[in-house]
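Below is one structure, written out as structure tokens; comments come after it.
Just so it is clear, none of the values below were taken in a lab; they were calculated from the coordinates. In this text, all values refer to a predicted model and were calculated from it rather than measured experimentally. Cβ placement follows ideal geometry from the backbone for every residue including glycine, while neighbour counts extend to all protein chains displayed.
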Amino acid sequence: MDTEQIYCRRLGHFLSFKYCRAEKQGLPCAKIIDCWQNKIPIQDFINENYSKEETAYLFEPPPPKITSLLEIIKRAQDNVPIDVEEHSK
């Protein structure tokens, strides 16, 4: 099963099931059910290999895009110092 491949819409290329099932620090990608449900018995695999606590995020709705964008902007602002004198000229 680990060698099965599928096109990843998030990353834009083909990936093996092995990658998808451990993409998130040893836990499955949040899209694993959507991507693999027509190829393998993914729900059975999840139930047999992970606890409900480990996979709770798989069944939660994704955060709104604006929330993700604001988090990315905030992280970028926090990591890039702005030279105030340079921008005031």
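Things to note:
- In this Cβ point-charge picture (+1 for Lys and Arg, -1 for Asp and Glu), the chain has a dipole of about 280 debye about its Cα centre.
- Under 15 Å from a label point set 7 Å out along the Cα-to-Cβ vector of LEU27, the amide N atoms of the stretch 40-77 belong to 46-47, 49-63.
- Note on the chain: GNM, Cα springs under 10 Å; of PRO64, PRO41, PRO28, the largest mean-square fluctuation is that of PRO64.
- Stokes-Einstein D for the chain, Kirkwood Rh over Cα pairs, 25 °C, 0.890 mPa s (µm²/s): 156
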